[in-house]
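Data first, discussion second: the structure below is written as structure tokens.
No lab work stands behind these numbers, since they all come straight from the coordinates. Remember, predicted model here, so these are calculated numbers, not experimental data. Please note: Cβ atoms are built from the backbone with ideal geometry, for glycine as well, and neighbour counts cover all protein chains shown.
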Amino acid sequence: MTASLRELLERHDADAPDAIVLSGAGQHLTWRDLRAEARRIAAALTRDGVKPTDRVVFVGKNDLAYFGYLFGCALAGAVPVPLNWRLSAAELTAMIEDCGAEVVFTDEAGATAVERAEAELPAVRTIVALGQHDRWPSLTAWKDPVGDDPGATAAPDDIAFQLYTSGTTGPPKGAMFANGSNLRVLLDDISVAWGFTADDVSLVCMPLCHMGGLAWALAGMAQGARQVIVRDFAPGPVLDTMAAEDVSMAFCVPTMLSALSAAAPGSRPPRLRQMVYSGAPISPTGLRQAQDALRCDFVQIYGLTEATGAFAQLSAAEHADAGHPEWLRSAGRPYPWVEVRAVSPQTGQDVPTGQVGEIWTRSPQNMAGYWHQPERTAAALTPDGWLRTGDLGYLDDDQRIYLVDRAKDMIITGGENVYPAEVEKVLAAHPALAEAAVIGVPDDHWGETVKAVVVARPGATVDAAEVIAFCRGQLARFKCPTSVDVVDALPHTATGKVIKPALRERYWQNHDRRIH
């Protein structure tokens, strides 16, 4: 059983100190190298007054230095809080103030926002630059040259790391993940469910400031796989890296998969055996194109940050079962240690099999709670341990989860409920569309009505009336778009999800009722 980052590091350093665990940008780190770097950072944190349970922030892109920070915090007993380098200075200020961090690590990608936030953060005593900076010490100059291990221990209930979840309203939410429950399940159980072995080479291209990237990297490390860290995603260079580094395992969101598929013909990574995907719906056409281009096993995972990432999985065998094509519409079945329910938002009672309700989940994966926000924690976690996901869906007789939509994205038009994801699945099959998002927009008669915001495939022309007619051939009329806007690109989060509030904003300006 591995129940802390310290245990993970020390076990592999003892068992295979010379095995390469991290590669990237022409550099390689063995477990011995990583432990030595973590000790130098831990000693410097302790020297600078960081105490056990103190939060320490990292603002930057994927980098080998991130892992020295991550494990250095663990050896010092501090809690790592990686933040998105794309945040504005105001967002960054709010999160650093919320977690109370006094030490911040940043690279050149995050430096501009950190500089702008610095004046508003009097509690921050130390800012460490991964490279050279005019005002801040570099990591090389700051870290302790000797690296005596502070010897901080980790109890099961101690927090291993804290991640801020995306949201459009209210203060930031710092989701906390404990050693003995969340981290232990990730390292011991989820890593096995994902199929990692010590012989694997794993591509880490998802952002390490998000659960998707962090959990994927730690799960691979737990099984002794080598991690290849990608700083910036570009399909051609990523495919070249996958071939050069003999990558056998990868995790992408559908937008990344689509880009890799388009670039892959004639350059398939030769050792790739499994592609895991999640984060947004994928069209049947997009999945087939990816399977044809990459020619490996495909596994879909489903989860959310507050559940330590994935808690359900659609296996490679289920993807390949020609007798059950409907399974490809599923998000998979819960892991053996996970319970799921579909619950009526109105009554709080379980709905019958096949009927839509909010998906709830209960397992040791559920977060410890939100940092200093008991009311929001209580809104997410029931007293008996169920996590309300906010996702609407239904279960079949085998407990496969079929997602319908996010509860907050549901459109109510003329008293009828419309789930945008259902409409988006139809639009995904339209030959002229590369991508589509469905939102509710204001309507004087119906309250709101359905709009499709779409991106055309290269060389294709989109006719709005024809797109609407295409939907009417497959959906009830009230579910179909009443208008179609063609745009060059849709706004996405770093994890590939379409940012629906950004799409809605222009349509709901000057309206009292806002759909968010």
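Please report His372, His210 as a ranked list, fewest other C-beta atoms within 10 angstrom at the top and most at the bottom.
Values: His372 13, His210 22.
Arranged by neighbour count, lowest to highest, His372, His210 become His372, His210.
Compute the angle between helix 5-15 and the longest alpha-carbon principal axis of the chain, please, reported from 0 to 90 degrees and rounded to the nearest 10.
70 degrees
Over the range 31-178, calculate the relative contact order: mean separation of alpha carbon pairs under 8 Å at least 6 apart, over the residue count, as a percent. Before the final figure, lay out the partial values.
Numbers: 281 pairs, mean separation 41.6, N = 148.
Computed over the range 31-178, the figure is 28 percent.
Show me the ranking of peptides 425-431, 221-227, 127-133, 143-149 by mean Cβ neighbours inside 10 Å, starting with the highest.
On the way: 425-431: 17.7, 221-227: 21.9, 127-133: 19.9, 143-149: 14.3.
Descending packing order for the listed peptides: 221-227, 127-133, 425-431, 143-149.
Given labels modelled 7 Å from the Cα in the Cβ direction, how far is it in nm from Ala198 to Trp337?
Calculated label separation equals 2.2 nm.
Around Ala225, under 13 Å between beta carbons, what's the net of Lys plus Arg minus Asp minus Glu among the other residues? The partial results should precede the final answer.
Details: positive: Arg226, Arg271, Arg273; negative: Asp199, Asp200, Glu245, Asp246.
Once positives and negatives cancel, what remains is -1.
Tell me the label-point distance for the pair Ala322, Thr382, using the 7 Å Cα-to-Cβ offset, in nm and rounded to one decimal.
Once both label points are built, they end up 4.3 nm from each other.
Please give the contour-minus-distance gain from Val487 to Arg457: 0.36 nm per residue of separation, less the Cα-Cα distance, rounded to one decimal in nm.
Contour length minus the Cα-Cα distance gives 9.7 nm.
Which of the cysteines found in the chain have nothing to pair with, since no other Cys Cβ lies under 4.7 Å from theirs?
Cys73, Cys99, Cys205, Cys209, Cys252, Cys296
Can you give the Rg to Rh ratio of the range 62-195, both from alpha-carbon atoms, with Rh computed by the Kirkwood formula? Could you put the intermediate results ahead of the total?
Working: Rg = 15.9 Å, Rh = 16.3 Å.
Ratio of gyration radius to Kirkwood radius for the range 62-195: 0.98.
With +1 on the Cβ of every Lys and Arg and -1 on the Cβ of every Asp and Glu, and nothing else charged, how large is the dipole of the range 31-178 about its Cα centre, in debye rounded to the nearest 20?
Working: 14 positive and 20 negative charges, 41 e Å.
Dipole about the Cα centre, nearest 20: 200 debye.
Relative to the longest principal axis of the chain, what angle (0 to 90°, nearest 10) does the C-alpha long axis of helix 108-118 take?
Between the helix axis and the principal axis of the chain, the angle is about 90 degrees.
For the chain, what does the helix formula give at 222 nm: sum of -39500 (n - 2.57) over DSSP H segments with n ≥ 4, over the residue count, nearest 500 deg cm²/dmol?
Working: 15 runs with 149 residues, N = 516.
About -8500 deg cm²/dmol.
Pulled fully out, how much extra length does the chain show between Thr53 and Ala141, if you take 0.36 nm times their separation in residues and subtract their Cα-Cα distance?
Numbers: separation 88, 0.36 × 88 = 31.68 nm, distance 2.49 nm.
Here the answer is 29.2 nm.
Just give me a number: lysine pairs in the chain, eight or more positions apart or cross-chain, with C-alpha atoms less than 27 Å apart.
24
For Ser344, what charge total do you get from the other residues with a beta carbon under 11 Å from its beta carbon, if Lys and Arg give +1 and Asp and Glu give -1? Numbers along the way, then the final one.
On the way: positive: Arg341; negative: Asp350, Glu358.
Within the 11 Å Cβ shell, the charges total -1.
Give, as a single signed number, the net charge of other residues whose beta carbon lies under 13 Å from the beta carbon of Glu108, with Lys and Arg counted +1 and Asp and Glu -1. If you can, show how the numbers build up before the last one.
Numbers: positive: Lys61, Arg231; negative: Asp63, Asp107, Glu115, Asp134, Asp232.
Here the charged neighbours net out to -3.
Relative to the longest principal Cα axis of the chain, at what angle does helix 284-294 sit, 0 to 90 degrees, rounded to 10?
Helix 284-294 and the main axis of the chain meet at about 40 degrees.
Explain nothing, just the number: relative contact order of the chain, from Cα pairs under 8 Å at least 6 residues apart, as a whole percent. Could you put the intermediate results ahead of the total?
Working: 1072 pairs, mean separation 50.0, N = 516.
Contact order relative to length: 10 percent.
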